[in-house]
Each structure stands twice: as C-alpha cells, then as structure tokens.
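Nothing in this text is a laboratory measurement; each read-out follows from the coordinates by a stated rule. Only a predicted model underlies this, so the values are computations on that prediction, with no experimental measurement involved. Every residue, glycine among them, receives a Cβ derived from its backbone with ideal geometry; neighbour counts consider all protein chains shown.
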Amino acid sequence: MNLLLDTHALLWWLDDNPTLSVKARTAILESTNVVFISAAVIWEIRIKQSLGKLKIPKNFQAVVETQPFETLDITSEHAHKIISLAKYHRDPFDRMLIAQAMVERFTLITRDKNIMKYDISYIEA
C-alpha cells in the first residue's frame with residue numbers, strides 16, 4: 001500500500017508522539033508499505049515556521065531526509081484535480097493532499113474529519 005502523510009501525522013511521527021494512532025503507526029512501519037511525504041506538507045510546515053506558528057528543529061530537513069520515506073512532488077495533474085473537489089475543505093494544503101491521494105490512489109494518514117469526507121482511502125492518524 002502507498003501511504004501519504006498529512007502534516008500533523010508527519011510531525012507526530014517525527015516527534016514519536018503517542019497521539020499518532022496505533023493503526024497509523026503500524027501502517028507506517030509495515031515494510032511492504034511505501035510512505036510518501038508531499039512537497040505540500042514540507043511547504044506548509046516551512047510557512048508555519050516562518051510565521052512563528054510552528055517551532056521545529058534547525059536540522060529539520062536533515063531529520064526528514066533520514067526517514068525511510070519517499071517524496072511526492074506536486075504535479076500539474078494534482079493541481080488540475082483540485083477544481084473537481086467538493087468544498088468540504090478550504091485549506092489549500094489539505095486540498096492538494098486530497099488531490100494527490102486521488103490522482104496517485106494513495107491512502108492518506110490523517111486525523112482531519114473534513115478530509116475524511118472525500119472519496120479517498122484513509123487511515124485515521
């Protein structure tokens with residue numbers, strides 16, 4: 001299974017935060033699954049950091065790069081998919097993750113109830 005981490009799921013994973021569900025943690029650790037981090041997630045984290053809304057370590061990039069995760073770039077196909085999404089969610093970063101999950105047929109790991117309204121596969125974080 002291909003998994004895509006929502007921003008909070010990535011942060012909880014990196015922090016070894018017990019808030020991350022056992023089901024999500026097990027799926028991430030499962031060796032047959034491939035875990036992806038979207039460029040949109042990194043972008044959101046860096047924007048929040050630059051605005052003073054999120055404190056992350058100075059070596060954040062290195063920490064992320066040591067994880068056994070793949071990166072998922074944002075493509076024009078992902079961007080075009082956004083126009084067809086229902087308006088359950090207004091956050092542009094989350095809408096991009098939803099579009100990416102749909103286009104790539106990935107399972108999104110999230111705790112966001114609005115994301116769960118979309119016709120995507122998800123695991124509750």
How big is the dipole moment of the chain about its Cα centre under a simple scheme where the beta carbon of each Lys and Arg is +1, that of each Asp and Glu is -1, and everything else is neutral? Debye, nearest 20, please. 480 debye
Amide H partners (placed H, <5 Å) of residue 38, local residues excluded: 5, 72
What order do you get for 107, 32 when you list them from fewest to most C-beta neighbours inside 10 Å? 32, 107
I'd like the Karplus ³J(HN,Hα) series for region 66-81: coefficients 6.51, -1.76, 1.60, θ = phi - 60°, whole numbers in Hz, and an x wherever there's a Gly or Pro. 7, 6, x, 10, 9, 9, 10, 6, 8, 10, 5, 5, 4, 4, 5, 5
Neighbour cut-off at most 11 other Cβ (10 Å), DSSP loop, trypsin sites (Lys or Arg not before Pro), region 15-110: 53, 55, 58, 87, 90, 105
Report the net charge of residues surrounding residue 50, where surrounding means a beta-carbon distance below 15 angstrom and charges are Lys +1, Arg +1, Asp -1, Glu -1. +4
Suppose a student asked you for the relative contact order of region 1-77, using Cα pairs under 8 Å spaced at least 6 residues apart; what percent would you report? 37 percent
Amide H partners (placed H, <5 Å) of residue 108, local residues excluded: 4, 121, 122, 123
With only helices counted (DSSP H, runs n ≥ 4, each -39500 (n - 2.57)), the per-residue ellipticity at 222 nm for the chain, to the nearest 500, works out to -12000 deg cm²/dmol
Dipole of region 2-124 (Lys/Arg Cβ +1, Asp/Glu Cβ -1, origin at the Cα centre): which of 69, 50, 24 lies farthest to the positive side? 50
In whole Hz, what ³J(HN,Hα) sequence does region 54-62 give by Karplus (6.51, -1.76, 1.60; θ = phi - 60°), x for Gly and Pro? 8, 9, 10, x, 4, 8, 3, 4, 5
